[in-house]
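Worksheet for the structure shown next.
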Amino acid sequence: MANIIVPPGWRIPEREATPEPVFWNRKAFLRTLGLGAAAVATSGCGSSFTPLEPPTGGPGDGCNAHPPSHPLQTICPTANEDLYPPARDDRFELDRPLTDRIEAATYNNFYEFIGRMNEPNRIWDLTGPFRVRPWSVEIAGEVENPGHFDVEDLEREFGLEERLYRLRCVEAWAIAVPWAGFPLSKLIEKVKPLSTAQYVRFVSFDRPEQAVGQAIEGWYPWPYYEALRMDEAMNELTMVATGVYGEPLPKQHGAPLRIVAPWKYGFKSPKSVHRIEFLVDRPSIFWSDVEPDEYGFYSIVNPDVPHPRWSQGMEEMLGTGERRQTLLFNGYGEWVADLYNPELLTFRS
Ligand code: MTE
C-alpha cells in the first residue's frame, strides 16, 4: 500500500501546486458564485461532479438518510439529550465571532468521507451510511483499567461543558466554534495509565462499507490515527468533544466523539475515535506516514513555519472570509507554551 500513495488535491506535488494567491482567489470566486457551503453540495452543479459510488451502508432514514436533506440532519439522537446544551466554561474567550453553524458543518476535512471530487464541502452529504450509535471506545495499552467504554456512559459520568475554541486547519482556513464535551484528562484519570505510558494514540473507525472515502481511497493507511504526548493529552485545553453548537456532533464534525487540541493544526484533532492506546514509545501519525515532508508529530500552529507549499502567516475564517494573522499556538500560549522546548517551534516538527 505504501508505494501507491495518491495524495488528495491539496497535497499535490510542488510543481502542480496552486500559488497561494490563486488559492485565495478561488475561494473568493466560489463565494461570489454563492457556492460556499450547502449550495455546492446540493445545487444543480451536480452534473459536473463525477458520480459517486452507490451508498454502501444500506438504506437509512433520520440521521442515516442517504443523502441527508440538510447538513444538520446528520445529528443522531442521543440518550443524553438532557445534557445539551451544556453550561459554558467562561475561561475560554474568543477574539472573533463564532463561525456560522451551517458554514462549519458544510466545509470539513474528514478523508474517510471524501468522494471522487475531493471536495470538503461535500463531506456531510456522504455521511448517511455511517452509524455512530451505539459507540464504544476501546482503551488499551499501558493502563490499569483497559476495556470498552460507551460514549453516552462517559458523557453521563463526566458531565459536559461548553468551550469556545478556535480551530486552525493546516490548509489555512479556520473556524471558531462552541465545542461540548469534557477534558480528556478525566478519561485518562479514570483508566489510570501506568508510569510507563508516555504517549496516547487515537485510532478512528475502519468501515469502508459505511465511509466512501475509505472504500475508494484504499491507498491511505486506514484507519486514521493520531497521537499526543501524555502531558499534551493531560493539558487542560485538550477536550473530548461529543457536541458542538449546543447539540451532539453532526457526523461530519466527528460524531460521536473527537479529540480537540486547539493549539495544534486541525489534523491533530482526530474524529470519530474508536480506540485509545497508551504507549511507551512515540507512535507515528497518519499524515506524517502519508506525506513525510509535511508537519510532524507536534504540528503546533506557528505563523513563522510555513507549509512546504504555502505560508502559514494568515488564515481565512470560514463563512465570513475574514483574513486574520495566524497566532502562535493558535493563541493558546498561556496554556501550553511551557510544554515545549523553543527549538521545537522553529521547524515542522
Ligand atoms: N479526523 C479523521 N478521522 N479524519 C480526517 O480526515 N481531518 C482533520 C481533523 N480530524 C480528519 C480528522 C483535519 S485536517 C481537520 S482541519 C479537522 O479534522 C477539521 O475538523 P472539522 O471538519 O470539524 O472542522
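The values are calculated or read from the model by the stated rules, or taken from the named source; none is laboratory data. Here the structure is a predicted model, which means the values were calculated and not measured. Methodologically, a virtual Cβ is constructed for each residue, glycine included, from the backbone with ideal geometry; neighbour enumeration extends over all protein chains shown. Protein only, heavy atoms only, side chains kept; ligands, DNA and RNA dropped before computing areas. Shrake-Rupley method; radii C 1.70, N 1.55, O 1.52, S 1.80 Å.
Can you tell me which of (1) modelled with pLDDT of 95 or more; (2) more than 16 Å from Arg166 (Cβ to Cβ); (3) open to solvent by 80 Å² or more (accessible area, probe 1.4 Å) is the one Pro59 doesn't meet? Looking at each condition in turn, Pro59 falls short on (1).
If I filter region 261-275 down to residues being hydrophobic (A, V, I, L, M, F, W, C) and buried (at least 24 other Cβ atoms within 10 Å of the Cβ), which single residue comes out as farthest from the ligand (Cβ to nearest atom)? Filtering first and then ranking leaves Trp263. Annotation: Arg163 fulfils all but one of (1) touching a helix residue (DSSP H, G or I) at 6+ places or on another chain (Cβ under 9 Å); (2) within 16 Å of the ligand (Cβ to nearest atom); (3) over 30 Å from Asp281 (Cβ atoms); (4) of a type outside the set (Phe, Trp, Tyr); the unmet one is (1).
Table: residues versus (1) open to solvent by less than 30 Å² (accessible area, probe 1.4 Å); (2) polar (S, T, N, Q); (3) under 21 Å from Glu232 (Cα atoms).
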| position | (1), (2), (3) |
| --- | --- |
| Gly141 | no, no, yes |
| Glu155 | yes, no, no |
| Ala172 | yes, no, no |
| Trp179 | yes, no, yes |
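Could you list, in sequence order, the residues of region 299-325 that are assigned to a loop (DSSP other than H, G, I, E, B) and closer than 18 Å to Leu164 by Cβ? Hits for region 299-325 are Val301, Leu318, Gly319, Thr320, Glu322. When Tyr111 is tested against the conditions (1) away from the ligand (no atom under 11 Å from the Cβ); (2) open to solvent by 10 Å² or more (accessible area, probe 1.4 Å); (3) under 25 Å from Arg275 (Cβ atoms), the lone failure is (1). Is it the case, given these coordinates, that Pro97 is in contact (Cβ under 8 Å) with a residue 40 or more places away in the chain, assigned to a loop (DSSP other than H, G, I, E, B), in contact with a Gly (Cβ under 7 Å, 6 or more places away or on another chain) and open to solvent by 40 Å² or more (accessible area, probe 1.4 Å)? It is false that Pro97 is in contact (Cβ under 8 Å) with a residue 40 or more places away in the chain, assigned to a loop (DSSP other than H, G, I, E, B), in contact with a Gly (Cβ under 7 Å, 6 or more places away or on another chain) and open to solvent by 40 Å² or more (accessible area, probe 1.4 Å).
If the condition is being assigned to a strand (DSSP E or B) and either within 11 Å of the ligand (Cβ to nearest atom) or open to solvent by 10 Å² or more (accessible area, probe 1.4 Å) (or both), then region 219-247 contributes Tyr225, Glu226, Arg229, Ala241, Val244, Glu247.
Taken together, Thr50, Thr78, Thr42 contain a single residue that is modelled with pLDDT under 60, crowded, with 16+ Cβ neighbours inside 10 Å and more than 16 Å from the ligand (Cβ to nearest atom), which is Thr42. Looking at region 150-194 only, could you name the residues that are within 16 Å of the chain's Cα centre (by Cα) and not in a strand (DSSP E or B)? Cys169, Val170, Glu171, Ala172, Leu184 - these are the residues of region 150-194 that are within 16 Å of the chain's Cα centre (by Cα) and not in a strand (DSSP E or B).
Among residues of region 114-136 being of a type in the set (A, V, I, L, M) and either crowded, with 21+ Cβ neighbours inside 10 Å or within 13 Å of the ligand (Cβ to nearest atom) (or both), the one that is nearest to Arg258 (Cα to Cα) is Val132.
For Asn145, the conditions (1) farther than 15 Å from Ala255 by Cβ; (2) out of contact with any Lys or Arg (no Cβ under 6 Å at 6 or more places or on another chain); (3) away from the ligand (no atom under 16 Å from the Cβ); (4) open to solvent by 20 Å² or more (accessible area, probe 1.4 Å) are fulfilled apart from (2).
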